[in-house]
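The values are calculated or read from the model by the stated rules, or taken from the named source; none is laboratory data. These numbers were taken from a predicted model, which means no experiment stands behind them. Neighbour counts are summed over all protein chains in view; Cβ atoms, including those assigned to glycine, are modelled from backbone coordinates with ideal geometry. When the accessible area is computed, the model is the full protein with side chains, heavy atoms only, and any ligands, DNA or RNA have been set aside. Shrake-Rupley method; radii C 1.70, N 1.55, O 1.52, S 1.80 Å.
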Amino acid sequence: MLKGKRILLVVAGGIAAFKVHELIRLLRKQDAAVRCVLTEAGAKFVTPLSLQALTEDKVYSDMFSLTDESEMGHIQLSRDADLLVVVPATANILARMAGGLADDLASTVLLATDKPVLAAPAMNVRMWSHAATQANVGTLTARGIRFVGPNDGVMACNEFGPGRMSEPVEIVAAIEAMLEAEKPAADKPLAGKRALVTSGPTREAIDPVRYISNHSSGKQGHAIAAALAQLGADVTLVSGPVTVPDPAGVAVVKIDSADQMLAACLAAGAVDVAVCAAAVADWKMAAPATAKIKKQAGAAPPSLVLTPNPDILATLSRPGPKRPRLVVGFAAETENLIANAIDKRTRKGCDWIVANDVSPATGTFGGDRNTVHLISAEGVQDWPTLSKERVAMQLAGAIALHLTRPRPAEAAE
Ligand code: CTP
């Protein structure tokens, strides 16, 4: 979705600048045009040559270079971009932006631009929490600058806390969300609609250190949340423990167990559509141990006494005034895919089932592609094998079509 978009990276001087190479690679993979403005301090961390090789474009650094300014003035650099990203956004460049300084090419472009600006802060934890930096972030936010991160983590200075720059994939997701938000209303058929998506596995505690879970990666559910948000929906994503990044522009509620997932779904309030893509554990421990279960020499292994988990999809599908207009479930099957999925739709009371074969040979669990069949009251639609993102976009499109159609009662009026 970034094809043909022009991204201007303002690369400032911080150790996190090394992540810019990967960011450029990800943007170029999507056929975005990337150009860099490199500050003097930035050039101490990454070389103009590496940026030039990766962007296949000239790197701009010098405000007073006759060649730079005559070829491409600071105003033109901004005009030629769809979006600017300050990466890494150091305490220094944020302060210069907040103060309206224009003392080098980077700060001048940032002052002169009327394009959306995203900043990816990276600095020592105390510099980030310093009142001066927080005041600058507040000023810039009020002026419409958007921020991605910083994340918590161990930093190059060996301290732990907020200040670590977001990963390149997270920055790309934030860029996509900002460019989506710029799109005209016609591209947002789900504007004003609320969506709930469940994603990832659940973890059911055996004792404080062990759990029962499954291989779900959350890739499909997260992609659906992102796709619904791209179409303008106000999305709440309730996610079990996953390593995929949070989709940008989506409210994410992180949970562990099925009980917590159900509670979070109910707390999300009334929604127009619910998509249950989570691989919820069917059973939990009847009585999880409160202390670590110890091995007893010579004793038999413990038996795990299980009890069923609540069925979140079935609960959300129950008829009633609060029922979402559309409830979509997934059927992960390893045999008799269509027959089992049709039966599951009736049993759970949902409107649609997205059926997919998760036998190990298909590589669906944890993989990037998916072959699905959409089962509704109208019948079965077979979709071709698509990336999980394309499946998500196609499903979000079908949901938009359904929700923007008049209800049967309205149509009859
Ligand atoms: N689901 C749910 N809550 C559960 C179990 C499943 O919300 N406790 C949802 C899943 O998110 C998915 C659908 O129900 O949308 C079907 O999940 P699946 O694991 O395929 O079905 P099961 O209910 O586990 O049925 P079976 O074990 O018979 O395959």
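The table below gives the values:
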{"read-out": "Failed item in (1) without any contact (Cβ under 8 Å) to a residue 40 or more places away in the chain; (2) within 27 Å of the chain's Cα centre (by Cα), with I399 passing the rest", "value": "(1)"}
{"read-out": "Considering residues of region 129-166 that are surrounded by 14 or more Cβ atoms within 10 Å (Cβ to Cβ) and of a type in the set (D, E, K, R) only, the residue nearest to the chain's Cα centre (by Cα)", "value": "R146"}
{"read-out": "Residue match in region 276-290 (condition: open to solvent by 50 Å² or more (accessible area, probe 1.4 Å), within 16 Å of the ligand (Cβ to nearest atom) and touching a residue at least 60 places away in the same chain (Cβ under 8 Å))", "value": "yes"}
{"read-out": "Selected residue (criterion: farthest from D259 (Cα to Cα)) from residues of region 316-334 that are in contact (Cβ under 8 Å) with a residue 24 or more places away in the chain and surrounded by fewer than 16 Cβ atoms within 10 Å (Cβ to Cβ)", "value": "T334"}
{"read-out": "The lone exception for G161 - which of (1) outside any loop (DSSP other than H, G, I, E, B); (2) modelled with pLDDT of 90 or more; (3) more than 16 Å from the ligand (Cβ to nearest atom); (4) not polar (S, T, N, Q) it fails", "value": "(2)"}
{"read-out": "Tally of residues being away from the ligand (no atom under 11 Å from the Cβ) and either closer than 20 Å to E378 by Cα or not assigned by TED's automatic domain parsing to the domain that holds A264 (or both) across region 320-329", "value": "3"}
{"read-out": "Qualifying position, being open to solvent by 60 Å² or more (accessible area, probe 1.4 Å), under 23 Å from K19 (Cβ atoms) and modelled with pLDDT under 95, among R79, R126", "value": "R126"}
{"read-out": "Listing of strands (runs of 3 or more DSSP E) fully contained in region 166-214 that carry 3 or more residues being closer than 23 Å to P116 by Cα", "value": "none"}
{"read-out": "Where a residue in region 207-227 is closer than 23 Å to P360 by Cβ and its partner, wherever it lies, is acidic (D, E) and at pLDDT below 95, with Cβ under 9 Å and at least six apart", "value": "K219/D368; K219/E389; H222/D246; A223/E389"}
{"read-out": "Residue in region 300-319 that is farthest from D207 (Cα to Cα), counting only those that are more than 16 Å from the ligand (Cβ to nearest atom) and not aliphatic (A, V, I, L, M)", "value": "P319"}
{"read-out": "Sole residue being buried (at least 18 other Cβ atoms within 10 Å of the Cβ) and of a type outside the set (V, I, T), chosen from D351, D382, D343, D368", "value": "D351"}
{"read-out": "So A251, is it open to solvent by 20 Å² or more (accessible area, probe 1.4 Å), modelled with pLDDT of 95 or more and of a type in the set (A, V, I, L, M, F, W, C)", "value": "no"}
{"read-out": "Residue within region 291-299 that is within 16 Å of the ligand (Cβ to nearest atom) and without any contact (Cβ under 8 Å) to a residue 12 or more places away in the chain present", "value": "no"}
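Conditions (1) among the acidic types (D, E); (2) outside any helix (DSSP H, G or I); (3) more than 9 Å from the ligand (Cβ to nearest atom), marked per residue:
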| residue | (1), (2), (3) |
| --- | --- |
| A331 | no, yes, no |
| E335 | yes, yes, yes |
| A339 | no, no, yes |
| D343 | yes, no, no |
| T346 | no, no, yes |
| C350 | no, yes, no |
| I353 | no, yes, no |
| G367 | no, yes, yes |
